[in-house]
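Below is one structure, written out as structure tokens, with a few remarks after it.
The values are calculated or read from the model by the stated rules, or taken from the named source; none is laboratory data. Note that the structure is a prediction, hence the values are computed from the model and not measured. Backbone-built Cβ (ideal geometry, glycine too); neighbour counts: all protein chains shown. Calculation scope for accessible area: heavy atoms of the full protein, side chains included, ligands and nucleic acids excluded. Shrake-Rupley method; radii C 1.70, N 1.55, O 1.52, S 1.80 Å.
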Amino acid sequence: MQRLTIDPAVQPPSLEDSVGSAIREFRLRHGLTLAQVAEMANLSRGMLSKIETGQTTAGLDTLSRIARA
């Protein structure tokens, strides 16, 4: 049986990075621009960009609006 070794120097992505990446991938898969989703979610493009890149944490209300966009 082979043992799984974990490198302590390798950090898993942060929650912000994971959520942001998922939002961006979903948006691109559906052919939507940052501006389109931001408008539908009543967010600025800058804020949505920061969420997608993990630069800021989005609250549940904001994530809910993005999910409904």
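Couple of notes before you dig in:
- Per residue solvent-accessible surface (Å²) - the chain, probe of 1.4 Å: 79
- Accessible area per residue was computed with a 1.4 Å probe on protein heavy atoms; Ile6 scores about 140 Å².
- Rounded accessible area of Met40 (nearest 10 Å², 1.4 Å probe): 100
- Surface composition of the chain: carbon and sulfur atoms hold 55% of the protein heavy-atom accessible area at a 1.4 Å probe.
- Nearest-10 value in Å² for the accessible area of Leu28, using the 1.4 Å probe: 90
- Folded to 0 to 90 degrees: helix 15-29 orientation relative to the chain principal axis, Cα: 60
- Approximate spin-label separation His30-Leu63, in nm, with each point projected 7 Å along Cα-to-Cβ: 1.7
- Angstrom value of the Kirkwood radius, inverse mean 1/r, which spans all Cα pairs in the chain: 13.2
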